[in-house]
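A.B. asks: Pasting a structure below so you can have a look.
Read-outs throughout are calculated quantities, based only on the coordinates presented, and are distinct from any laboratory measurement. Bear in mind that the values here come from a model prediction, so they are computed numbers and not experimental data. Using ideal geometry, Cβ is built from the backbone for each residue, glycine included, and neighbour counts are taken over all protein chains shown.
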Amino acid sequence: MSKFKSTFIVVISILVIATLSFDYAYSRGGRGGGGGRGGGGHASKSSPARSGSMNNNRAQSQTSTRQGSSNRSQRQDNRSGNTENRQSNRQDNKGDRQDNRDDVRDDRQDYADDARDDRQDHYDDNYRHGHGHYYYDDNDWGRAFAAGAIIAVGTAVAVSAFQSTDCPSSQTMVGDVGYYQCGSTWYTKGYQSGDVVYIAAAPPPGY
Amino acid sequence: MTSLKRIAFIVSLFLALGITPQNSISQEADSQNIDSESIADLEQMFDFLGESETISVTAESNYDARQKSGQLIEFGAVSKWYIKRPSHVRVDIENRDGTERSFYFDGNSITLYDKSQNVYATVIKKGNLDQAFDYYMDKLDMPMPLAELFSEKHPFDINKSVISSMNVGESKINGFACNDLAFRTKEVDLQVWIEQGKRPLPQRMIITYKGSPGNPQYRARFSDWNLSPKLKDSLFEFKPPKDVEKIKFSPRINKVQSTENKNEGGQ
């Protein structure tokens, strides 16, 4: 029976250790960049499910840790899937209702969109993969940023994170664009992937 | 104790503690299960919504966001949709955290007003509903859950993409007798409860992103479907409140060239 006892003890010890280490990992992960209750919104909202889309590409574009592998071929599958049968059927009816001027404008717009698409694909294929994502969500912010740090143009910073620093909240209007200066970096405000963020920008003319 | 007995004991101990070897549940067994009637029902629902000239509906929705820890956290919102084809839509969104947003499209420009942050962005976009939705989601890189339901085109090529479909059975949602239908594509699972009878409207739907870690879901429950609401044109016009700050749409990948932003039409 001593064999039985020792086996039992070993199994129980393994279980206890496993449970403890799980709890540890869990609590570490759950807090993210830290900050406790005060700031609020420290849970990441980034999720493919945020898109509510039945279309995988749209879903993937709502995750902050995009992989380079969400690539062009996927997007093209998607695009060809979109220009699909039903469109052409119903387009006839709708088309009749629209006047010629609209049609001409549509065509011009489509052309511009397509041209832009192609440029974008070129950009994606050639540059995007190497750059990773310029995006600090709330969880990354505490570690990644301090006032005065060197921030690459295009980097987005969550509003709550920006406001938790000493950076001034007053804006400088240049034309109709509002700029915010924090250290030596200038920011503009914008919508990005569903959130309002500060985006590091080149200094406005004259500054 | 023989070694066989010992192994049996350890196994039973693990079972008693609810520990099972991971990945024991096979995700396979999909096979080619296509119920063509369910497919037809789904197409009919999309067509019915896509052809309805005016719509108003309230959607209570939520989605899972997987944290670094692996835990799924749910966020939710109530959104009110007002649609007047071919080119007017307004969506009022109230998130559970109290933040409020409104989306406007009037055939000429798209505006997103964030009441809580007191900011708005406007971008010129002429066209119909579908063109506005596509532009907003694909070029401006903004999420717009449920927009695909109101599109004239299907969100995916149903006949090509659906690898499995079935009628789960009759089901009552919000007091409406519904067909509970389940579909799978390569990337998502879809379960949708479609009202029986003359109005094939979704009363509830769930999208599961099975390709993503944790299999997060988007869920929506609909109420107050109205296919003949009286919608004034002024409902679709955004009038900026005093002291509101004008910002830009700044997609992460510069999907919109800088010239586009210069065309922003202020009000």
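A.B. asks: Take every residue in peptide B:206-218, count the Cβ atoms of other chains within 10 Å of its Cβ, and give the average of those counts.
C.D. replies: 4
A.B. asks: Sticking with this one: Give me the distance in nm between label points sitting 7 Å out from Cα along the Cα-to-Cβ direction at B:K186 and A:Q181, one decimal.
C.D. replies: Between B:K186 and A:Q181, the simple spin-label model gives 5.2 nm.
A.B. asks: Let me ask something else about it. Along Cα→Cβ, 7 Å out, is where each label goes; now give me the distance between the ones at B:S223 and B:V78 in nm to one decimal.
C.D. replies: 0.7
A.B. asks: Using the Karplus curve 6.51 cos²θ - 1.76 cosθ + 1.60 with θ = phi - 60°, what ³J(HN,Hα) values do you get for each residue of segment A:48-56, in whole Hz, with x for Gly and Pro?
C.D. replies: Each residue of segment A:48-56 in turn: x, 6, 5, 5, x, 8, 8, 10, 4 Hz.
A.B. asks: Tell me whether segment B:93-136 comes out rounded, prolate or oblate; compute the Cα gyration tensor, take square roots of the eigenvalues as a ≥ b ≥ c, and use a/c under 1.5 as the rounded threshold.
C.D. replies: Prolate is the answer for segment B:93-136, as a/c is 1.5 or above and a/b outweighs b/c.
A.B. asks: Take the Cβ-Cβ distance between B:I163 and B:K68 as r, set R0 to 41 Å, and report the resulting FRET efficiency rounded to the nearest 0.05.
C.D. replies: Result of the calculation: an efficiency of 0.85.
A.B. asks: Let me ask something else about it. To the nearest 0.05, what FRET efficiency results for B:E53 and B:R6 with a Förster distance of 51 Å applied to their C-beta separation?
C.D. replies: 0.10
A.B. asks: Take B:N215, project a point 7 Å from its Cα along the Cβ direction, then tell me which residues of segment B:178-204 have their backbone nitrogen under 12 Å from it.
C.D. replies: Flagged as within label range: B:189-190.
A.B. asks: Going through the cross-link list B:K160/B:K230; B:K210/B:K248; B:K80/B:K246; B:K84/B:K198, which pairs have a Cα-Cα distance over 30 Å in this structure?
C.D. replies: Pairs exceeding the cut-off: B:K160/B:K230; B:K210/B:K248.
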